[in-house]
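A.B. asks: Dumping the structure here so I can ask a few things about it.
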Amino acid sequence: MKYSTGFRSSVLRKVLPPENRSVSSVAKEVGIRPVTIQSWLSRLKAGTLELDGEGTESGASQREASEKLKLLLESKSLSDEQLGEWLRRSGLHSEHLSLWEQELRNIVTDRQQGLRRENSELRKENKKLKRDLERKQAAMAEALALLTLKKKADILLGRDEED
């Protein structure tokens, strides 16, 4: 099976410094044989294979958040053996999943912070409106009391309403 340059680079980066992970653990993680990774390492040392500078950047990073979430959820239901095959079929790398998970976590966190901020502003506005309403109700009650007193005073003093 032919693997993309980006996929090979991402696998080799896991085995090379600074990660220095074992070939067998990386092979198990991505679902390929250790011999394949050993072959890539040999070719890299011989100079017939170059690491791709982009690695995790591909069409996969251009996907919509909803599609990333769907793929993440789908990947969580797979065993380690099935995950490697599924990643290859989907044209993805294992790094995409962790990057997407963090990206979606950030989106949710940002959205929650925005909602909290909006909620706080609405509470402040509501509190201000309640104070204004209470003040206006008190002013109306005072005006009504003064009007009632004026009418009673006019009746007692025998003044006409037209005066």
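The values are calculated or read from the model by the stated rules, or taken from the named source; none is laboratory data. What you are looking at is a predicted structure, and each value in this text was computed from that prediction instead of being measured. Positions of Cβ are backbone-derived with ideal geometry, glycine not excepted, and every protein chain shown enters the neighbour counts.
A.B. asks: Out of (1) surrounded by fewer than 10 Cβ atoms within 10 Å (Cβ to Cβ); (2) outside any helix (DSSP H, G or I), the odd one out for LEU156 is which?
C.D. replies: (2)
A.B. asks: Among the residues of the stretch 78-89, write down those that are part of a helix (DSSP H, G or I) and in contact with a helix residue (DSSP H, G or I) (Cβ under 7 Å, 6 or more places away or on another chain).
C.D. replies: Within the stretch 78-89, ASP80, LEU83, GLY84, TRP86, LEU87 meet the criteria.
A.B. asks: Out of the residues in the stretch 98-150 that are over 30 Å from GLU29 (Cα atoms) and either of a type in the set (Ser, Thr, Tyr) or not in a helix (DSSP H, G or I) (or both), state the one that is nearest to the chain's Cα centre (by Cα). Step through it out loud before you land on a result.
C.D. replies: Within the stretch 98-150, the subset over 30 Å from GLU29 (Cα atoms) is 110-150.
Then drop every residue that is not either of a type in the set (Ser, Thr, Tyr) or not in a helix (DSSP H, G or I) (or both), which leaves 120, 148.
Numbers: SER120: 21, THR148: 61 Å.
In this case the residue turns out to be SER120.
A.B. asks: Another question, then. Pull up the stretch 1-34, narrow it to residues that are in contact with a Leu (Cβ under 9 Å, 6 or more places away or on another chain) and part of a loop (DSSP other than H, G, I, E, B), then point me to the one that is nearest to GLU85 (Cα to Cα).
C.D. replies: GLY31
A.B. asks: Answer yes or no as to whether GLN38 is in a helix (DSSP H, G or I), modelled with pLDDT of 90 or more, under 19 Å from the mean Cα position of the chain (by Cα) and polar (S, T, N, Q).
C.D. replies: No: the conditions fail for GLN38.
A.B. asks: Another question about this same structure. Kindly evaluate ILE32 against the criterion of being modelled with pLDDT of 80 or more, under 18 Å from THR5 (Cβ atoms) and in contact with a Gly (Cβ under 7 Å, 6 or more places away or on another chain). Can you show your working first?
C.D. replies: On the way: modelled with pLDDT of 80 or more: yes; under 18 Å from THR5 (Cβ atoms): yes; in contact with a Gly (Cβ under 7 Å, 6 or more places away or on another chain): yes.
Taking the combined requirement at face value, the residue satisfies it.
A.B. asks: Shifting gears a bit: Could you say whether any residue in the stretch 61-78 is among the small types (Gly, Ala, Ser), at pLDDT 85 or above and over 18 Å from LYS2 (Cα atoms)?
C.D. replies: yes
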